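Engineer: Take a look at the following structure, please.
The values are calculated or read from the model by the stated rules, or taken from the named source; none is laboratory data. For clarity, every value in this text was computed on a predicted model and none was experimentally measured. Cβ coordinates were reconstructed from backbone atoms using ideal geometry, including for glycine residues, and neighbour counts include every protein chain displayed.
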Amino acid sequence: MTTSNTSNREMIRNYVEEGWWGNRTLIDAFEEAVSRTPEKTAIVAPGGARLSYRALSAQVDRVAGNLAVAGVAKGGVVSVQLPNCIEFVVVHLAATRLGAITNPLLPNYRAKELEYILKFARSQVAVICDTHRGFDFSEMYLELRPKLPDLKAVYVVGGDGMNGLRGFDELLADAPPVTATEHRGEDISALIFTSGTEATPKGVIHSHNSMMYATTQMARVAGLTLDDVVWMPSPISHGTGFTWGVRQAISLGATLVLQDIWDAEEALRLIEAERCSFVLSATPFVTMMLDAPSLATRDTSSLRVFGCAGAPIPRQLGEQARREIGCTLIGMWGMTECFVGSASGPQESDEKLWETDGHAMPGAELAIFDSERKTILSPGEVGELATRGPHVAAGYFNDPQRTAETFRSDGWLFTSDLARMDADGYIRLVGRKKDIVNRGGLKISAREIEDLLIEHPAVEQVVLVPLPDHRLGERACACVVTRPGAAVALDDLVAFLCARGVAKYKLPEFLSVVDAFPMTPSGKVQRHILRDEIVGGRIPASAGPASR
């Protein structure tokens, strides 16, 4: 596999000497768990099916053997397009045992995205579901197969293997034992394509070292042990669920509880029934759990830590979650290119937990650079967030140009996130470079206004998007999901902001009240879709004064 490894040899040597990197892989952690606690529940699947570590190991052995027979070897790519299920975990561990590279694919990808990704990655095997949420994946892959010359086999979970596709039962059949594959920590373990707005997605490549660092250090920050129960309601085919669900649980030797389709009532039931203690998922899930009718009757005392990704933590949300659920919300920041760049531990002050996005992870660095990416700014100044350390990916697969644009040779990963850092080293994101409203040359940070408006009593969720304007270039539109039974007008929001001393040019000039925001599977608002829907007239927006 062609990679664009950005880590120079001196940096690698330092990471190894300092103990951040080694040759330990997920398979090493898994085999230790099988040996230590073979009868312990490894996975609880949606619907309640359970698998012990011993039973999981037996399945992994058979699937690894049959993948080897199918021609998968070290460095080969195994693509997995499955919902949250046991089979996903089995395939990932089996591929890792062979030294192959796992390429998780979101279930909502369709032929256009898949043809590009599978061809670009030169995937040898794909494992898919037959149908999911009413969509026929088998039919789609039958149409894709002739366009993918490297794809040797497609295995279908829940399918019968007709028409050239193979049933997943073939992978679970008896197979010759697999000789242990020698792993180096620097070998690539996962190829994860970003789900952003660019015309062609970027394939992020992570080594065993960078991925094991992530789960090991998150366990340290959050105080996790093998006795924890990791709950994952986000898609495990996305970087969030893949890392902080599947890999976090297995690397600890803990129990993984999977939820496939988000439902707040089911979430509360699972926490109570399975005694879930840790989750890292989308911040809006917390709000929906707090609004669930059954919350008062559920025992959620086991849930200690909820790592919030994708959106800031309003202080009142953190206080309410601690009071009514019993968990501590911890602020963090990460991206596919580094998984976790900053976090706060649950023992830290409320001010740092909820008013920042955390501090650098152990052994890693954070810095705020100027617009030229040359000078590190002083505390309190806003600039581009960069991070460096053993958590950073090796680069973008077979993409030297975009790798060079993002990963610098001295190790800094430039994120396109705008942030400030306080004197204690805690960062606060204020938006993305593209999450800026350029009103007549004056830049308005969407994050700044959102952080204020989320405190309005009628507002449950809010994002600020730019709308095109022939005179000023762009004007700001506040898009709001209101709390149940509440109503809000643009004048209300403007008065609320004025009372907090917000400059006049930063005030939103349009308001759009919606039932829900378009979201990525990881819980991030798809701002571009929201903006396009408003501009296209498919979502109404009320206007305020023509100018301010």
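Engineer: Out of curiosity, is I449 in the same structural domain as R475 (by TED's automatic domain parsing) and β-branched (V, I, T)?
Structural biologist: Yes, satisfied.
Engineer: Let me ask something additional. Taking the stretch 9-21, which residues are within 25 Å of the chain's Cα centre (by Cα) and either within 16 Å of G99 (Cα to Cα) or assigned to a helix (DSSP H, G or I) (or both)?
Structural biologist: Y15 - this is the single residue of the stretch 9-21 that is within 25 Å of the chain's Cα centre (by Cα) and either within 16 Å of G99 (Cα to Cα) or assigned to a helix (DSSP H, G or I) (or both).
To keep it simple, each residue is scored yes or no on (1) basic (K, R); (2) in contact (Cβ under 8 Å) with a residue 24 or more places away in the chain.
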| position | (1), (2) |
| --- | --- |
| A360 | no, yes |
| F369 | no, yes |
| R373 | yes, yes |
| P379 | no, yes |
| G383 | no, yes |
| A386 | no, yes |
| G389 | no, yes |
| F397 | no, yes |
| Q401 | no, no |
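Engineer: Considering only the stretch 144-157, I want to know if a residue exists there that is of a type outside the set (A, V, I, L, M, F, W, C) and over 18 Å from V72 (Cα atoms).
Structural biologist: yes
Results for (1) within 30 Å of A367 (Cβ to Cβ); (2) buried (at least 20 other Cβ atoms within 10 Å of the Cβ); (3) among the basic types (K, R); (4) touching a His at 6+ places or on another chain (Cβ under 8 Å), shown as yes or no for each residue.
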residue: V437; (1), (2), (3), (4): yes, yes, no, no
residue: A486; (1), (2), (3), (4): no, no, no, no
residue: L490; (1), (2), (3), (4): no, yes, no, no
residue: A495; (1), (2), (3), (4): no, no, no, no
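Engineer: Which numbered condition trips up R428, out of (1) outside the structural domain of Q526 (by TED's automatic domain parsing); (2) charged (D, E, K, R); (3) touching a Gly at 6+ places or on another chain (Cβ under 8 Å)?
Structural biologist: Here R428 clears every test but (3).
Engineer: Then there's this: Does the stretch 48-76 hold any residues that are over 17 Å from A29 (Cα atoms), of a type outside the set (A, V, I, L, M) and not in a loop (DSSP other than H, G, I, E, B), and which are they?
Structural biologist: R50, R62, G65, N66
Engineer: In the stretch 120-166, what residues are surrounded by fewer than 19 Cβ atoms within 10 Å (Cβ to Cβ) and either of a type in the set (K, R) or not assigned by TED's automatic domain parsing to the domain that holds N108 (or both)?
Structural biologist: Selection gives R122, R133, R145, K147, K152.
Engineer: Which strands (runs of 3 or more DSSP E) sit wholly inside the stretch 166-252 and have at least 2 residues that are over 18 Å from T25 (Cα atoms)? Please lay out each step first, then the result.
Structural biologist: Values: elements: 188-193, 203-207, 229-232.
Answer list for the stretch 166-252: 203-207, 229-232.
Engineer: Also, I was wondering about something else. Please pick out the residue among A33, A111, A45, A94 that is at pLDDT 95 or above, more than 24 Å from T216 (Cβ to Cβ) and not hydroxyl-bearing (S, T, Y).
Structural biologist: A45
Engineer: Under 9 Å between Cβ atoms, at least 6 apart or on separate chains: pull out the pairs that start in the stretch 268-282 with a residue that is touching a residue at least 40 places away in the same chain (Cβ under 8 Å) and end on any residue that is basic (K, R) and part of a loop (DSSP other than H, G, I, E, B).
Structural biologist: What qualifies is I271/R298; S277/R304; F278/R304; A282/K524.
Engineer: Kindly provide the set of residues from the stretch 103-127 that are closer than 18 Å to L67 by Cα and either part of a loop (DSSP other than H, G, I, E, B) or over 16 Å from the mean Cα position of the chain (by Cα) (or both), ordered by number.
Structural biologist: L118, A121, R122, S123, Q124, V125, A126, V127, listed by residue number.
Engineer: When both residues are 6+ apart or on different chains and their Cβ atoms are under 9 Å apart, which pairs have a first residue that lies in the stretch 224-235 and is within 13 Å of I271 (Cβ to Cβ) and assigned by TED's automatic domain parsing to the domain that holds M288, and a second that is of a type in the set (D, E) and at pLDDT 95 or above?
Structural biologist: Correct list of pairs: V229/E274; W231/E274; P233/D260; P233/D263; P233/E266.
Engineer: Moving to a separate point now. Report whether or not S344 is among the hydroxyl-bearing types (S, T, Y), in contact with a Ser or Thr (Cβ under 8 Å, 6 or more places away or on another chain) and more than 30 Å from G203 (Cα to Cα).
Structural biologist: Considered against the rule, which asks whether it is among the hydroxyl-bearing types (S, T, Y), in contact with a Ser or Thr (Cβ under 8 Å, 6 or more places away or on another chain) and more than 30 Å from G203 (Cα to Cα), S344 comes out as no.
Engineer: Further, regarding this structure: Is it the case that some residue within the stretch 295-305 is buried (at least 20 other Cβ atoms within 10 Å of the Cβ) and either small (G, A, S) or at pLDDT below 95 (or both)?
Structural biologist: no
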